[in-house]
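Notes to accompany the following structure.
Since every read-out is calculated from the coordinates, none of them should be taken as a lab result. Since this is a predicted model, take the numbers as computed values, not measurements. Here Cβ is always computed from backbone atoms with ideal geometry, including for glycine, and neighbour counts include all displayed protein chains.
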Ligand SMILES: [Zn+2]
């Protein structure tokens with residue numbers, strides 16, 4: 001890794017570095033300024049590329065709005081940390097490994113200093129998963145393979161472009177509130193222990209959400225040192241499935257595309273605005289209380305409004321040299337009876353020609369995939385990036401239930417704890433322990449056994465505690 005001298009440090013920069021040097025030691029007097037840069041690279045697939053998000057083959061036919069690999073690089077004293085977010089439905093371990101390797105080669109930044117997450121847009125390209133889904137979505141045909149072959153280099157390009165323009169910056173954070181746009185998409189009816197999934201409208205006299213939502217909009221802004229300078233980047237965090245856009249076979253970033261565009265327009269057209277999805281495994285935009293259907297534009301605007309309201313409350317963070325810690329967690333796969341497996345085989349044999357419903361198809365695919373991989377360990381990476389004693393970003397590798405995210409935020413020793421899900425790979429849905437007996441979509445499509453989510457949170461909390469100021 002290279003050590004670069006910071007060019008023309010401003011007075012504020014010197015004050016910040018000095019305050020840090022006194023507070024947090026291993027920095028020598030010769031320590032360089034905290035620097036940041038961001039870049040984005042278009043990763044919109046060509047027509048004909050297989051799409052993600054559904055249990056069938058759909059080929060891209062046009063673009064509603066482009067999708068990007070967006071990278072924020074932070075650095076001090078030659079130590080880097082990189083947050084990449086992709087406008088994709090998910091990440092896979094092989095793709096993340098390939099991208100980290102490309103980043104090492106092209107940017108000289110160690111792969112384990114890089115966090116790569118996905119926004120979870122359902123109007124993006126499919127990636128190979130090494131499972132039945134590859135056949136169902138035809139992702140291993142030449143157009144699908146061409147996309148995945150190019151992707152790691154494009155991700156590395158976004159990191160490389162950012163790294164080339166690192167400049168002194170100061171981070172600031174705030175938490176906005178967006179109430180009333182996300183909903184716990186699992187509902188319980190009085191007298192029943194079975195969850196209802198994605199109801200259109202509920203009767204509040206007898207039905208209630210099975211769990212909470214997370215209304216917090218995490219806002220992390222990197223401001224340049226020059227007076228009146230535009231922000232360099234914003235890293236924005238909210239938990240809700242991006243399944244709102246009616247794009248058909250066209251590519252779209254869904255509501256995160258609107259959200260980040262509006263934040264740029266309002267707060268700095270020259271900056272890169274990045275959206276990382278939080279623990280949204282069981283959260284969607286379907287408003288079953290009013291029965292209203294909010295558009296992609298309405299959802300993105302509501303989040304931008306919450307960010308604009310929070311903007312004046314941005315609090316400067318005292319920076320430290322960027323720190324990154326990861327842990328590999330081995331989880332147990334669910335097990336199934338012979339009867340379950342036989343039923344799943346029958347469903348999968350019919351699902352290409354019959355419409356059997358999302359939950360039925362998801363369960364069958366999950367059973368066969370899980371059984372097929374039973375001898376392979378289910379390894380999940382938990383990662384934490386911190387460049388301040390006040391803020392940490394946690395990466396979790398799946399679609400994490402909100403209960404788990406809220407528990408982690410509450411227990412974290414950091415003042416601000418932001419979470420990026422579908423990061424550094426994905427193990428699929430990760431319900432909290434209480435949700436398993438309630439069944440339905442997310443539970444029947446979970447690959448991991450009950451208790452796995454709690455284990456991930458325990459490991460994340462251990463890392464946070466180790467990294468927090470003593
Ligand atoms: Zn999902």
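Here are some notes:
- Angle between the chain longest axis and helix 11-24 axis [Cα atoms, degrees, rounded to 10]: 70 degrees
- Exposure proxy order (Cβ contacts within 10 Å, fewest to most) of 258, 365, 63: 63, 365, 258
- Only Cα pairs under 8 Å and 6+ residues apart enter the sum, and on that basis the relative contact order of the chain stands at 17 percent.
- Degrees between helix 338-350 axis and first principal axis of the chain (Cα, 0 to 90, nearest 10): 90 degrees
- Gyration tensor over alpha-carbon atoms, segment 93-218, equivalent ellipsoid semi-axes in Å: 39, 25, 11
- Estimated [θ] at 222 nm from DSSP helical runs (n ≥ 4, -39500 (n - 2.57)) normalised by residues in the chain, nearest 500: -9500 deg cm²/dmol
- Cα coordinate range in segment 57-139, projected on the principal axes (Å, largest first): 48, 28, 18
- For segment 22-321, the Cα-based Rg and Dmax, in that order, read 20.4, 67 Å.
- On Cα atoms only, tilt of 142-163 relative to the major axis of the chain in degrees: 20 degrees
- If you take the Cα centroid of segment 28-94 and the Cα centroid of segment 113-159, the two points sit 11 Å apart.
- For 241, 120, the sequence from fewest to most other C-beta atoms within 10 Å is 241, 120.
- Binning the C-alpha pair distances of segment 282-395 at 5 Å intervals from 0 yields a P(r) profile of 2, 8, 10, 9, 10, 11, 13, 14, 10, 7, 4, 1 %, listed from the shortest bin outward.
- Amide N of segment 373-414 lying under 18 Å from the label point, which is placed 7 angstrom from the Cα of residue 177 along Cα→Cβ: 406, 410
- Label sites at residue 454 and residue 97, each approximated as a point 7 angstrom past Cα along Cα to Cβ, lie 3.1 nm apart.
- At R0 = 56 Å, FRET efficiency that the Cβ-Cβ distance of residue 266 and residue 346 yields, to 0.05: 0.55
- Computed from the C-beta positions of residue 146 and residue 110, the FRET efficiency with R₀ = 25 Å rounds to 0.30.
- Residue order, fewest to most beta carbons within 10 Å, for 232, 400, 148: 148, 232, 400
- Take the Cβ atoms of residue 332 and residue 410, set R0 to 30 Å, and the FRET efficiency comes out at 0.70.
- Take each peptide in 353-360, 73-80, 272-279, count the other Cβ atoms within 10 Å of every residue, and average; sorted highest first, the result is 272-279, 73-80, 353-360.
- Here the ratio of the Cα radius of gyration of segment 335-424 to 2.2 N^0.38 Å is 1.54.
- Inter-part distance where segment 274-297 and segment 455-470 are each reduced to a Cα centre, Å: 29 Å
- Gain on full stretching of the segment that runs from residue 308 to residue 356 - 0.36 nm per residue minus C-alpha separation: 12.9 nm
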